[in-house]
1. Of all the accessible heavy-atom surface of segment 99-162, with the other protein chains kept in place and a 1.4 Å probe, what percent is carbon and sulfur?
2. Need the list of aspartates and glutamates near Lys228 for cross-linking: C-alpha distance under 15 angstrom, and skip anything on the same chain fewer than eight residues off.
3. Could you please report the charge total around Gly225, scoring K, R as +1 and D, E as -1 over all other residues with beta-carbon less than 9 angstrom from its beta-carbon?
4. Given H placed 1.01 Å from N in the peptide plane, which residues other than close sequence neighbours of Asp68 have an amide H under 5 Å from its amide H?
5. Of the peptides 30-42, 181-193, 161-173, how do they stack up when ordered by the mean number of other Cβ atoms within 10 Å, highest first?
6. For Asp143, list long-range residues whose amide hydrogen, built 1.01 Å from N in the peptide plane, is under 5 Å from its own amide hydrogen.
7. Using a 1.4 angstrom probe, figure out how much accessible area the chain has per residue, in square angstrom, rounded to the nearest whole.
8. Taking the Cα centre of the chain as origin, sum charge times position over the Cβ atoms of Lys and Arg (+1) and Asp and Glu (-1), and report the length of that vector in debye to the nearest 20.
Amino acid sequence: MIIEKLNWDTEFFGIKVGRIILAETDNFDPVSFEQQVKEDEFELVYIISLKKILNIENKEQLKLNLMDVQITMSKKFNPNEYSNIPYEFRTELSETELQECYRIAEQTATVSRFYKEPLIGPEKTKELYRKWIDNALDQSFSDGLFVERTKNTIVGVHIIKTNNTNKLGLFTLTGVDENIKRMGLGSKLWNQSFGYWSNTCELECINSPFSLQNMESFNFHLKMGFNKLEEIKYIYHYSNKL
């Protein structure tokens, strides 16, 4: 059992963070896991089970918390269906636009597993989501972003990443102003990305990960044609500091 150190998370959160991915839950040995955590001085470890919930006695004593169940659904992509859809793809924003995108990102952060993690907390999670906006603009981890406006104010943000080698598109983050939901903004944002991909590359499939805690998101994915389940992740956090 090897715990991988996550250098980016460690630097950003200011605590030593690790990760272990379990293809088979039977391979997880709590005793050896705790021993390695202490030897390597990890403060927070993500345990990701790919098949099922961990069946471990005394989870509370192990300080193991199920923080999220993440689902990835996919959609076969036919560019001919979306080639005429207009889109506003951005890698630059004015200062006002940037602050509007930050505000939406911070609202979206409240549903994150990091927001509920005591070692990270709300403010650091909001900073993380603002960082995702920055990373989209400098194209370090994403292609860029799309926006939707109401009365000249940005009320929706959508970030994507393209894997041209595998002809795969990935949704990184979608956020809509919490005060004006249920107005079709999510559909407009996603359709913008479909129009963009139709005119800029040759995709065959789009993947979208999301939390199962949000059943509205599940139904929205079905509505938008994401009808294949690609992966389920049961994500636990182990704290060695609290």
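The values are calculated or read from the model by the stated rules, or taken from the named source; none is laboratory data. In this text, all values refer to a predicted model and were calculated from it rather than measured experimentally. Quick reminder, even Gly has a Cβ in these numbers, built from the backbone with ideal geometry, and neighbours come from all protein chains shown. Surface areas here come from the heavy atoms of the whole protein model, side chains and all, with no ligands, DNA or RNA. Shrake-Rupley method; radii C 1.70, N 1.55, O 1.52, S 1.80 Å.
1. Details: 1290 of 2710 Å².
Carbon and sulfur: 48 percent of the exposed surface of segment 99-162.
2. Those aspartates and glutamates meeting the cut-off are Glu204.
3. Values: positive: Lys75, Lys76, Lys223; negative: none.
Value of the local net charge: +3.
4. Long-range HN contacts for Asp68: Ile235.
5. Details: 30-42: 14.2, 181-193: 17.8, 161-173: 15.8.
Per-residue Cβ counts within 10 Å, averaged per peptide and sorted highest first, yield 181-193, 161-173, 30-42.
6. Placed amide hydrogens put Ile160, Lys161, Thr162 under 5 Å from Asp143.
7. Numbers: 12920 Å² over 242 residues.
Roughly 53 Å² per residue, with all protein chains present.
8. Details: 29 positive and 35 negative charges, 141 e Å.
That gives a dipole near 680 debye.
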